[in-house]
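The structure appears below as structure tokens.
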Amino acid sequence: MWVAAGTQPTGEVGIAEMKSPDGSRFLQLFSHPLEVVALGRGERPLPFTPEQLGKVLKSQLGLSGVLVDPAGPSAVVRREALTELIALAVE
């Protein structure tokens, strides 16, 4: 899978999230790097392993889950369904 990465004003690299109207935060995941480029937001695609996803979900308790292929057709996967990935996170 892939994430959309961009440089923050602080100079750090950040990865794209989506915030729902109720305030829930979802990490945006892409099945192909061209999907990131096609959005035209100036971000670059970075490969993202299941282990990395588990680590992010473990450290970012405020994430409600992931949004797969945000440009559509998309799917929301809630944190509760990702417990096996969280278990892959190496401390």
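The values are calculated or read from the model by the stated rules, or taken from the named source; none is laboratory data. Since the structure is predicted, the reported quantities are computational estimates derived from the model, not experimental observations. In this analysis, Cβ positions are derived from the backbone assuming ideal geometry, glycine residues included, and neighbour counts consider all displayed protein chains.
Assorted remarks:
- Leading residue by the ranking (surrounded by the most Cβ atoms within 10 Å (Cβ to Cβ)) among those in the range 24-54 that are aromatic (Phe, Trp, Tyr) and part of a strand (DSSP E or B): 30
- Only a single item in (1) among the small types (Gly, Ala, Ser); (2) assigned to a strand (DSSP E or B); (3) out of contact with any Leu (no Cβ under 6 Å at 6 or more places or on another chain) is not met by residue 5, and it is number (3).
- Scanning the range 60-91 for residues that are modelled with pLDDT of 90 or more, outside any loop (DSSP other than H, G, I, E, B), exposed (fewer than 14 other Cβ atoms within 10 Å of the Cβ) and among the hydrophobic types (A, V, I, L, M, F, W, C) turns up 75, 81.
- Condition check for residue 57: closer than 19 Å to residue 89 by Cβ, of a type in the set (A, V, I, L, M), modelled with pLDDT of 90 or more and part of a helix (DSSP H, G or I): yes
- In the range 1-27, the qualifying residues are those that are over 18 Å from residue 59 (Cβ atoms) and either touching a Gly at 6+ places or on another chain (Cβ under 7 Å) or basic (Lys, Arg) (or both), and the one that is modelled with the highest pLDDT is 19.
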